[in-house]
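Heads up, the thing below is written out as structure tokens.
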Amino acid sequence: MARVLITGMSGVGKSSVVALLGEGGVPAIDTDYGSWKTQAGLWHVDRMTALLEESRDLVVAGTVENQGYFYDRFDHVVLLSAPEEILLERVQRRVTNPYGSTEGERSEIRENLRSIEPLLRRGATLEIDATRPLVDVVGQIMSLVLP
């Protein structure tokens, strides 16, 4: 197996991918949940370092400002991407995460798409079109996890 980071904008499907991978028996962590982040929204360096040192076979999902610090510990950095209108529609109808439910948050998503996603794209080893069916996206990631 391999160590894979899945990243991308809010609403792109990171949590859905992690859930489906987990159902398939792949060790996968969604860092939007639990205590992976500091109050400033960064990954806890010590916790992430320990996780990556103890787990050779793992999928981690998240998008945080300090994720680049960890890129060299992943075999693959996968950017999930989708057009703005798709992201906004997804965040408005999701029930597991309230982020994106206000106009201010949707404006922030629009701005992040323009300013942050290009940075994520530069650090990615692979970009996947997240408008494809979820099962196809997961299958492509599985081909990285279990080559």
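The values are calculated or read from the model by the stated rules, or taken from the named source; none is laboratory data. Computed from a prediction, not measured in an experiment: that's the story for all the values here. Glycine also receives a Cβ, built like all others from the backbone with ideal geometry; neighbour counts cover every protein chain displayed. Surface accessibility is based on the protein's heavy atoms, side chains included, excluding ligands, DNA and RNA. Shrake-Rupley method; radii C 1.70, N 1.55, O 1.52, S 1.80 Å.
Summary table below
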read-out	value
Subset of the range 41-58 that is farther than 13 Å from THR31 by Cβ and touching a residue at least 40 places away in the same chain (Cβ under 8 Å) - its residue that is least open to solvent (accessible area, probe 1.4 Å)	SER55
Inter-residue pairs, beta-carbon under 9 Å, first polar (S, T, N, Q) and in the range 101-119, second open to solvent by 70 Å² or more (accessible area, probe 1.4 Å) and in a helix (DSSP H, G or I), 6+ apart	SER101/GLN92
Checklist (1) closer than 16 Å to LEU144 by Cα; (2) open to solvent by 40 Å² or more (accessible area, probe 1.4 Å); (3) touching a Lys or Arg at 6+ places or on another chain (Cβ under 9 Å); (4) not aromatic (Phe, Trp, Tyr) applied to GLY24, failing item	(3)
Hey, LEU113 within 21 Å of VAL77 (Cα to Cα), at pLDDT below 95 and surrounded by fewer than 12 Cβ atoms within 10 Å (Cβ to Cβ) or not	no
Hey, GLN140 assigned to a helix (DSSP H, G or I), touching a helix residue (DSSP H, G or I) at 6+ places or on another chain (Cβ under 8 Å) and without any contact (Cβ under 8 Å) to a residue 60 or more places away in the chain or not	no
Subset of the range 84-101 [touching a helix residue (DSSP H, G or I) at 6+ places or on another chain (Cβ under 9 Å), of a type outside the set (Lys, Arg) and assigned to a loop (DSSP other than H, G, I, E, B)]	THR96, ASN97, PRO98, TYR99, GLY100, SER101
Any pair with Cβ under 9 angstrom, 6 or more apart, that starts in the range 14-34 at a residue that is touching a residue at least 40 places away in the same chain (Cβ under 8 Å) and among the small types (Gly, Ala, Ser) and ends at one that is open to solvent by less than 50 Å² (accessible area, probe 1.4 Å) and assigned to a loop (DSSP other than H, G, I, E, B)	SER15/ASN97
Selection status of VAL64, out of contact with any helix residue (DSSP H, G or I) (no Cβ under 6 Å at 6 or more places or on another chain), at pLDDT 95 or above and either farther than 23 Å from GLU127 by Cα or assigned to a loop (DSSP other than H, G, I, E, B) (or both)	yes
Output for the range 98-110, where each listed residue is open to solvent by less than 80 Å² (accessible area, probe 1.4 Å) and either farther than 21 Å from SER16 by Cβ or within 13 Å of the chain's Cα centre (by Cα) (or both)	THR102, GLY104, SER107, ARG110
Hey, ALA61 in contact with a strand residue (DSSP E or B) (Cβ under 7 Å, 6 or more places away or on another chain), surrounded by 20 or more Cβ atoms within 10 Å (Cβ to Cβ) and of a type in the set (Gly, Ala, Ser) or not	yes
Unmet requirement for LEU119, which otherwise passes all of (1) open to solvent by 30 Å² or more (accessible area, probe 1.4 Å); (2) touching a helix residue (DSSP H, G or I) at 6+ places or on another chain (Cβ under 7 Å)	(2)
